[in-house]
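Got a structure for you, written out below as structure tokens; questions coming shortly.
The values are calculated or read from the model by the stated rules, or taken from the named source; none is laboratory data. A quick note: this is a predicted structure, and the numbers were derived from the prediction, not measured. Here the Cβ positions follow ideal geometry from the backbone for every residue, glycine too, while neighbour counts run over all protein chains shown.
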Ligand SMILES: Cc1ncc(COP(=O)(O)O)c(C=O)c1O
């Protein structure tokens, strides 16, 4: 690295007030682009309950994501609850410990028993062999997660589900826009749930959607998200309030105009990280998977025992210099107190997930992340002993 460049990095990382670079920062469109839509909402006084923006966003998102039917929600957690209800799941559901805690919480909230299965060490997604071994006569479904937007082994999972008569709900919170060998990744499973939370690739501040296989299922889910109302006086299902407001839907429509640009800017930053990490011993990142359209939603690195300092040391060291990565997903969901007692939560049963959780740091990644920040993080990561140790 040229001397001048090193100097910039030293200045950036040793300045009195360090930069504050968080793991993500919501992508926002220019405010002027949103204002005319807000004026329309104000004029119409239609602010929620399936207004014009809600309908327009469902249509434009279905086209963008190349799916036939999609039901908007106020967030992905409620969407997952509604998906579970729509499929009337019972008993045990096989899922991953290596995810955000909502994945298991929605099962427990629905009176179901999560059964944790280890991950494939390459993709960090549920290992299909482990799924098959965990099926009992109580199992009603599988809830895999496309962690970091990396596709699960959807063909193997579908074959297992068919063989054993199980339902599949994909927690596709990270998988917005990902296209695999057979088109949109979101078309797999009985239902797929995507998140539009502020931290996600596409955000409506809060929001989410269920991708449905047919119009009949979408109608059922649309009723479920509106308290179960069939019409003004008839309630046919124990529904919930999962509706997305017109404000969030209008924001989503405007965000869609920028989504390709945002994904491509993320991709540039991922390439810079990959180049920077190529020669640092003890740090690895995920391989580039055979995906037709990745979404570059996260950039996890893994700190192994050959690295000069521990994962937590370098995590805190980066923070001291203003770079706030996150240890997604540590602790494992199975280590939280409401799950730790389950037989499937024992760490000996989850060796790959346990190892990966102890090694991971997701580095900051968002479309307008300053490239100089990446250089500064690389300078710290490539020479961690030269930086003050965390107090
Ligand atoms: C894997 C996973 N599942 C579910 C959720 C919940 O999504 P939401 O925040 O939209 O409810 C999130 C994220 O926030 C997530 O990362």
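How many of the residues making up region 352-376 are touching a residue at least 60 places away in the same chain (Cβ under 8 Å) and in contact with a strand residue (DSSP E or B) (Cβ under 6 Å, 6 or more places away or on another chain)?
Qualifying residue count, region 352-376: 9.
Can we say residue 374 is at pLDDT 95 or above, more than 19 Å from the chain's Cα centre (by Cα), under 24 Å from residue 149 (Cα atoms) and not in a loop (DSSP other than H, G, I, E, B)?
It is true that residue 374 is at pLDDT 95 or above, more than 19 Å from the chain's Cα centre (by Cα), under 24 Å from residue 149 (Cα atoms) and not in a loop (DSSP other than H, G, I, E, B).
Would you confirm whether or not region 177-185 contains a residue that is farther than 19 Å from residue 242 by Cα, within 16 Å of the ligand (Cβ to nearest atom) and part of a strand (DSSP E or B)?
Looking through region 177-185, none of the residues is farther than 19 Å from residue 242 by Cα, within 16 Å of the ligand (Cβ to nearest atom) and part of a strand (DSSP E or B).
For region 121-152, which positions are within 29 Å of residue 288 (Cβ to Cβ), in a loop (DSSP other than H, G, I, E, B) and away from the ligand (no atom under 16 Å from the Cβ)?
Selection gives 121, 122, 127.
Shifting gears a bit: Give the residue, chosen from 250, 215, that is more than 16 Å from the ligand (Cβ to nearest atom), under 28 Å from residue 33 (Cβ atoms) and not assigned by TED's automatic domain parsing to the domain that holds residue 368.
Of the residues listed, the single one that is more than 16 Å from the ligand (Cβ to nearest atom), under 28 Å from residue 33 (Cβ atoms) and not assigned by TED's automatic domain parsing to the domain that holds residue 368 is 250.
Right, residue 159: away from the ligand (no atom under 14 Å from the Cβ), surrounded by fewer than 22 Cβ atoms within 10 Å (Cβ to Cβ) and either at negative phi or in the same structural domain as residue 250 (by TED's automatic domain parsing) (or both) or not?
So residue 159 passes the test.
Considering region 73-120 alone, what residues qualify as being without any contact (Cβ under 8 Å) to a residue 40 or more places away in the chain, closer than 12 Å to residue 141 by Cα and within 16 Å of the ligand (Cβ to nearest atom)?
Hits for region 73-120 are 107, 112.
Would you confirm, using the coordinates I've provided, whether residue 255 is touching a residue at least 40 places away in the same chain (Cβ under 8 Å), within 16 Å of the ligand (Cβ to nearest atom) and surrounded by 16 or more Cβ atoms within 10 Å (Cβ to Cβ)?
Criteria met by residue 255.
Here is a further query. Regarding residue 193, is this residue closer than 15 Å to residue 68 by Cα, at pLDDT 95 or above, near the ligand (Cβ under 10 Å from one of its atoms) and part of a strand (DSSP E or B)?
yes
Let me ask another. Report the residue count in region 325-339 for those that are farther than 30 Å from residue 19 by Cβ and either outside any loop (DSSP other than H, G, I, E, B) or at pLDDT below 95 (or both).
Qualifying residue count, region 325-339: 3.
Conditions: (1) more than 16 Å from residue 364 (Cβ to Cβ); (2) crowded, with 23+ Cβ neighbours inside 10 Å. Residue 323 meets all but one. Number of the miss?
Tallying (1) more than 16 Å from residue 364 (Cβ to Cβ); (2) crowded, with 23+ Cβ neighbours inside 10 Å, residue 323 fails exactly one: (1).
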